[in-house]
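A quick write-up on the structure given underneath.
The values are calculated or read from the model by the stated rules, or taken from the named source; none is laboratory data. As the structure is a computational prediction, the values presented were derived from the model and not from experiment. Because the Cβ atoms are built from the backbone with ideal geometry, glycine has one as well, and the counts that use them run over all protein chains shown.
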Amino acid sequence: MSRSGVHRPKLRSLTLANGLRVLLAPDPTSPTVSVWVWYRVGSKNEWPGITGASHWVEHMLFEGSPRYAKGEIDRAVLKVGGELNAFTDTDFTAYFTTVPRDHLSVPLNIEADRMTRAAISDEEVARERTVIHSEREGNENWPEFRVEEELFQLAFRVHPYRWDALGRRRDIEQMTAEQLREYYRRFYGPKNAVLVVVGGFDPRTTETEVRRRFSKLPPWGDNVEVPDIEPPAAGERRSTLHGPGTTPYLQVGWRSPALTDPATPATLVLDTILGGESRVFSAGMGWRGRREHPTARLYRALVDKGLAVRATSGWNPRFYPSLFTVQAQAAPGVSLDRLERALDRVIERLSRDGPTSKEMSEVRTRIRRGAALAYEGATTTGFRLGYFATLRSVTLEDELYRSLLRVSSRAVRAQAQAIFRTDSRVVVRYEPTGEVGDE
Amino acid sequence: MSEKLSPLKIEYGEEIDGLTVARQPAPAGVASFSATYVGPAGWGFDPVAEGGTARVANHLLTSGAGRYDRRGLARVLDRAGATLTTECAPESAEVTIWGPAADWKKLLGLLADVVLKPRFASEDLVRVLRQVSERQLRELSQPASRADRELLRATYPEGHPYRSSGLGDARSVARLTPEKIRRFHRGHYTSGDAVLVVTSSAHLPAVEAAARHLFSSFAERRSPKLYLPPVRPRSARTLKVALPGRSQVEIRIGGDSIPRSDPEYAAAFLANEVLGGRAQLSRLFQRVRERGGLVYHASSELEAMRFGGYWAVGAGTGSERWKKVVPLLAKELEQMRLRDVAPSELRQVRESAIGEIPLALESTSDAHELAVDVTYQRLPGDYLFGWPAELRAVRPRDVRAAVDRAMDPRHAVTVLAGPLSGS
């Protein structure tokens, strides 16, 4: 095996007459099959009053359809030893099921059935409301969630990125079953979906089985452009939250480009240099993994110097301009003023001098190495193929890979100067109140 | 079944000064390799009044070893496309390296350096202690970790290895010095009672030869013995920890349980799966979330370790709803104790547990995790082949009997941590 390049499995790609994109990636050695359905619907498609609808619909798609009564989707998968789950993001919602290879028909039947025929009954919506509340409450227990929610709310005044995919509390309380059904009918369907099948299956038989189940579905599912364009920020925005916690916490955000922007590769490199995570090409951990990066700039300037116990950056390419963020948890006894000044110095220096040639070389090595082992296992493969296909196409990965390796130090510096402007900066601080609870 | 699972067969090599060497074939088609050292270095071995020693020592292993300082080690891993992770538990501590299969010998050498020649530099200790201090605060202020902490403290007596989370407290970690950490390392990252597990396409003799070459310079061969004071059963009781300003109350119900080697383990495993371990098939998920709509998460775990174990039911809910949820959880536990599980329910849960075994063959990491568990528990190399038959031999009445021994609600501690309005 070569040590560089994207080692994506061979694919059979087709589009059904109703608009469903299908990717089949057979791997005769795999003991499992993983079926993913990605819909290009997420919190970007919501509006005030129904924030959190995408996430709620995600829950409802496990609650019954003509073929499966409540609870039967879970039972059908688990009884053959499979696993299933789903997640909702700003730009997409994804459902996946992985089963031993002899049971491919189970997830195919489920996905075909719930693509256009989920029940979403009044009774089940009422019952699920408390579950959704509970999920949100669990997140609210974390200061990091509260800070990030505040950050996006401050940064965006028009664009739907201003609310979290979980939705606002008030909307969760008031949204009706009919609103959820309308939302589902509008955005869900083959025309707005990508079906990915990966693992141990025969491609010809499976293509026939896919066509048999999905071709007859109506061509539903709008993939709509978000019409709201966020105007440029006029000045820095700040907020301070207070509540229980450990040590002060800080998150700073700057407007960042959309996925289609030519500056996307340079922005990804900027994120790697500051925070250490090489995101889409990250060895071993996937891009949601968290680990310490002692060579990253934020870590060296804040954690090594005793100002923070954690410090990193975050940026994922999205359909629309979003935020590039950095976050740091203060070390005990360190004030947020001191932490913020140190963080400013890191940003200023990177904007002024750009990355060193050694940093650029290290980033390239990590991207090459990460890409070489990115596809291991049917579930991970299904995730990667679906992710890139939903954002644009599977070849986006190759383009990103090639352009990441070509990004120059000068381009990264220029992008740092373009992003890290104080007049478009948003700062949210969290000051803990210090209680640790009585027994 | 057995042919499909053949990559899960573990081969044991000859011991190297007491170090057990085990090799598992890599799953078909994968290009990665993984190796783990597990030694008797968990926080159950923390010196008296120096709580936190084991976790700090384990964490520091990734902060430089041999000729590499912390950044040097990070760079060499990045260049190799490899990752190094550590994990500490009450009984043991482990270090795992993962990376390209083609470089397995080089990566195994790096693992040996990390295990045998860590630097424990003063500046790294200072940094890790700052991080530990923040985690201690988090453990106290975060409802989920606070509930876990109080459950174990209420279940186990002073001095019991399972009583703490291993983080120590402000005073105990303030006493730690590089020399104390080195001393702990010498005595506990030993060859005796330790295992080295390798998941690789390389054959056992090659793995053994490499291990003999790389892991032959342990300072100690002795096997430290873990002391578990007796746990006296007490009647059920409830603890409440008020954490105002939070949104959700975390609930835990649990107690002492059996070790993995217990003859009733298979029945206890299935009891836990029926109750809350088998995700969406379990009673807690079905009845508390799906039917009651009261929680987002409700599950149970059976932590059966080598020398002992504990069980816990966990759920999170709103500041008012906990009053409805706690009786529901208690009722489900009581049902497990009083009534036999229906044969159809047992069959469904059991076949699900058996059916999922091939999912572990998706990647080196998944397969390796199973191999480390089997090897650490000193189970036979073909253990996973016999596991389905062991589960199929369990009858409904065995499950009920196992609940009495392994998950007995009559001696359980209930902990509530969070915004307890109206309590």
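For the stretch B:29-48, the set of residues classified as among the aromatic types (Phe, Trp, Tyr) and either in the same structural domain as B:Thr375 (by TED's automatic domain parsing) or under 23 Å from B:Ala202 (Cβ atoms) (or both) consists of B:Phe33, B:Tyr37, listed by residue number. Residues in the stretch A:136-174 that are within 9 Å of another protein chain (Cβ to nearest Cβ) and surrounded by fewer than 20 Cβ atoms within 10 Å (Cβ to Cβ) were compared, and the one that is nearest to the chain's Cα centre (by Cα) is A:Asn139. A residue that is closer than 24 Å to A:Tyr401 by Cα and buried (at least 21 other Cβ atoms within 10 Å of the Cβ) occurs somewhere in the stretch A:342-351. Going residue by residue through the stretch A:69-82, is there one that turns out to be within 21 Å of A:Tyr183 (Cα to Cα) and in contact with a Pro (Cβ under 6 Å, 6 or more places away or on another chain)? Checking the stretch A:69-82: not a single residue is within 21 Å of A:Tyr183 (Cα to Cα) and in contact with a Pro (Cβ under 6 Å, 6 or more places away or on another chain).
In the stretch B:371-383 there is no residue matching the filter, namely being in contact with a helix residue (DSSP H, G or I) (Cβ under 9 Å, 6 or more places away or on another chain) and within 14 Å of chain A (Cβ to nearest Cβ). Residues of the stretch A:6-46 that are within 14 Å of chain B (Cβ to nearest Cβ), of a type in the set (Val, Ile, Thr) and either closer than 14 Å to A:Gly382 by Cα or in contact with a helix residue (DSSP H, G or I) (Cβ under 8 Å, 6 or more places away or on another chain) (or both): A:Val6, A:Thr32, A:Val33, A:Val35. Applying a threshold of 6 Å to beta carbon distances and a minimum spacing of six or more residues, or different chains, the list of pairs starting in the stretch A:336-352 at a residue that is in the same structural domain as A:Leu241 (by TED's automatic domain parsing) and ending at one that is part of a helix (DSSP H, G or I) and not aliphatic (A, V, I, L, M) reads A:Val346/A:Arg297; A:Ser351/A:Gln417. Of all residue pairs spaced 6 or more apart or on separate chains, those with beta-carbon atoms under 6 Å, a first member in the stretch B:72-85 that is more than 8 Å from every other protein chain (Cβ to nearest Cβ) and a second member that is β-branched (Val, Ile, Thr) are B:Leu84/B:Thr62; B:Leu84/B:Ile97.
Can you tell me which residue among B:Ala170, B:Ala154, B:Ala144, B:Ala211 is of a type outside the set (Asp, Glu) and more than 12 Å from every other protein chain (Cβ to nearest Cβ)? Steps first, answer last, please.
On the way: B:Ala170 fails: more than 12 Å from every other protein chain (Cβ to nearest Cβ); B:Ala154 fails: more than 12 Å from every other protein chain (Cβ to nearest Cβ); B:Ala144 fails: more than 12 Å from every other protein chain (Cβ to nearest Cβ).
After applying the criteria, what remains is B:Ala211.
Counting only helices (runs of 4 or more DSSP H) wholly contained in the stretch B:353-423, the ones carrying 1 or more residues that are farther than 27 Å from B:Ala298 by Cα occupy B:364-376, B:383-392.
Every condition in (1) crowded, with 23+ Cβ neighbours inside 10 Å; (2) closer than 23 Å to B:Ser223 by Cα is met by B:Asp17 except one, and the failing one is (1). The set of residues from the stretch A:382-415 being among the hydrophobic types (A, V, I, L, M, F, W, C), within 30 Å of A:Ser357 (Cα to Cα) and out of contact with any Gly (no Cβ under 7 Å at 6 or more places or on another chain) comprises A:Phe388, A:Leu396, A:Leu400, A:Leu404, A:Leu405, A:Val407, A:Ala411, A:Ala414.
B:Arg237 meets each of the listed conditions (1) modelled with pLDDT under 95; (2) within 14 Å of chain A (Cβ to nearest Cβ) apart from (1).
A:Leu385 - would you say it is away from chain B (no Cβ under 14 Å), in a helix (DSSP H, G or I), within 23 Å of the chain's Cα centre (by Cα) and surrounded by 21 or more Cβ atoms within 10 Å (Cβ to Cβ)? Write out each step before concluding.
Details: away from chain B (no Cβ under 14 Å): yes; in a helix (DSSP H, G or I): yes; within 23 Å of the chain's Cα centre (by Cα): yes; surrounded by 21 or more Cβ atoms within 10 Å (Cβ to Cβ): yes.
The answer is yes for A:Leu385.
Filtering the stretch B:274-290 down to residues that are among the charged types (D, E, K, R) and more than 8 Å from chain A (Cβ to nearest Cβ), which residue is surrounded by the most Cβ atoms within 10 Å (Cβ to Cβ)?
Going through the stretch B:274-290, the residues among the charged types (D, E, K, R) turn out to be B:278, B:283, B:287, B:289-290.
Remaining after also requiring more than 8 Å from chain A (Cβ to nearest Cβ): B:283, B:287.
Values: B:Arg283: 21, B:Arg287: 17.
Once the filter is applied, the top-ranked residue is B:Arg283.
Just to check your reading of the model, which residue among A:Ser361, A:Ser322, A:Ser282 is touching a residue at least 60 places away in the same chain (Cβ under 8 Å), small (Gly, Ala, Ser) and closer than 30 Å to B:Thr364 by Cα?
Values: A:Ser361 fails: touching a residue at least 60 places away in the same chain (Cβ under 8 Å); A:Ser322 fails: closer than 30 Å to B:Thr364 by Cα.
Going through A:Ser361, A:Ser322, A:Ser282 in turn, just one is touching a residue at least 60 places away in the same chain (Cβ under 8 Å), small (Gly, Ala, Ser) and closer than 30 Å to B:Thr364 by Cα: A:Ser282.
Considering the conditions (1) buried (at least 18 other Cβ atoms within 10 Å of the Cβ); (2) assigned to a loop (DSSP other than H, G, I, E, B); (3) in the same structural domain as B:Ala412 (by TED's automatic domain parsing); (4) not polar (S, T, N, Q), B:Val231 is excluded by exactly one of them, (3). Figure legend. Inter-residue proximity from the stretch A:73-93: first residues in contact (Cβ under 8 Å) with a residue 12 or more places away in the chain and among the aromatic types (Phe, Trp, Tyr), second residues in a helix (DSSP H, G or I) and buried (at least 17 other Cβ atoms within 10 Å of the Cβ), beta-carbon distance below 6 Å, spacing 6+ or different chains. Indicated pairs: A:Phe92/A:Thr390. Out of the residues in the stretch A:109-134 that are in a helix (DSSP H, G or I), among the aliphatic types (A, V, I, L, M) and surrounded by 18 or more Cβ atoms within 10 Å (Cβ to Cβ), state the one that is nearest to the other protein chains (Cβ to nearest Cβ). Top of the filtered list is A:Val131.
Is it true that A:Pro294 is crowded, with 23+ Cβ neighbours inside 10 Å, in a loop (DSSP other than H, G, I, E, B) and more than 20 Å from the chain's Cα centre (by Cα)?
Values: crowded, with 23+ Cβ neighbours inside 10 Å: no; in a loop (DSSP other than H, G, I, E, B): yes; more than 20 Å from the chain's Cα centre (by Cα): yes.
Taking the combined requirement at face value, the residue does not satisfy it.
When every residue of the stretch A:314-331 is checked against the conditions, at least one turns out to be more than 25 Å from the chain's Cα centre (by Cα), modelled with pLDDT of 95 or more and either over 19 Å from A:Ile367 (Cβ atoms) or away from every other protein chain (no Cβ under 14 Å) (or both). Taking the stretch B:117-128 as the range and being among the aliphatic types (A, V, I, L, M) and surrounded by 19 or more Cβ atoms within 10 Å (Cβ to Cβ) as the test, the residues that pass are B:Leu125, B:Val128.
Listed by position, the strands (runs of 3 or more DSSP E) contained in the stretch A:1-89 that have at least 1 residues being outside the structural domain of A:Arg364 (by TED's automatic domain parsing), of a type in the set (Gly, Ala, Ser) and buried (at least 23 other Cβ atoms within 10 Å of the Cβ) are A:21-26, A:32-39. Number of residues in the stretch B:86-120 that are within 12 Å of chain A (Cβ to nearest Cβ) and touching a Ser or Thr at 6+ places or on another chain (Cβ under 8 Å): the value is 7.
Anything in the stretch B:293-330 that is part of a loop (DSSP other than H, G, I, E, B), within 13 Å of chain A (Cβ to nearest Cβ) and crowded, with 18+ Cβ neighbours inside 10 Å? List them, or say none.
Pass one, the stretch B:293-330, residues part of a loop (DSSP other than H, G, I, E, B): B:293-296, B:305-308, B:319-321.
Then keep just the ones that are within 13 Å of chain A (Cβ to nearest Cβ); that gives B:293-296, B:319-321.
The answer is B:Gly293, B:Leu294, B:Val295, B:Tyr296, B:Ser319, B:Arg321.
Would you point out the residue of the stretch B:351-365, among those that are in contact with a Lys or Arg (Cβ under 9 Å, 6 or more places away or on another chain) and in contact (Cβ under 8 Å) with a residue 60 or more places away in the chain, that is farthest from A:Lys79 (Cα to Cα)? Ranking the candidates gives B:Leu361 first.
Within the bounds of the stretch A:96-108, is there any residue that is over 26 Å from A:Thr176 (Cα atoms) and more than 14 Å from chain B (Cβ to nearest Cβ)? Give the steps one after another, and end with the answer.
Taking the stretch A:96-108 and keeping what is over 26 Å from A:Thr176 (Cα atoms), we get A:96-108.
Filter once more, keeping what is more than 14 Å from chain B (Cβ to nearest Cβ): A:105, A:108.
Yes, the stretch A:96-108 has at least one match.
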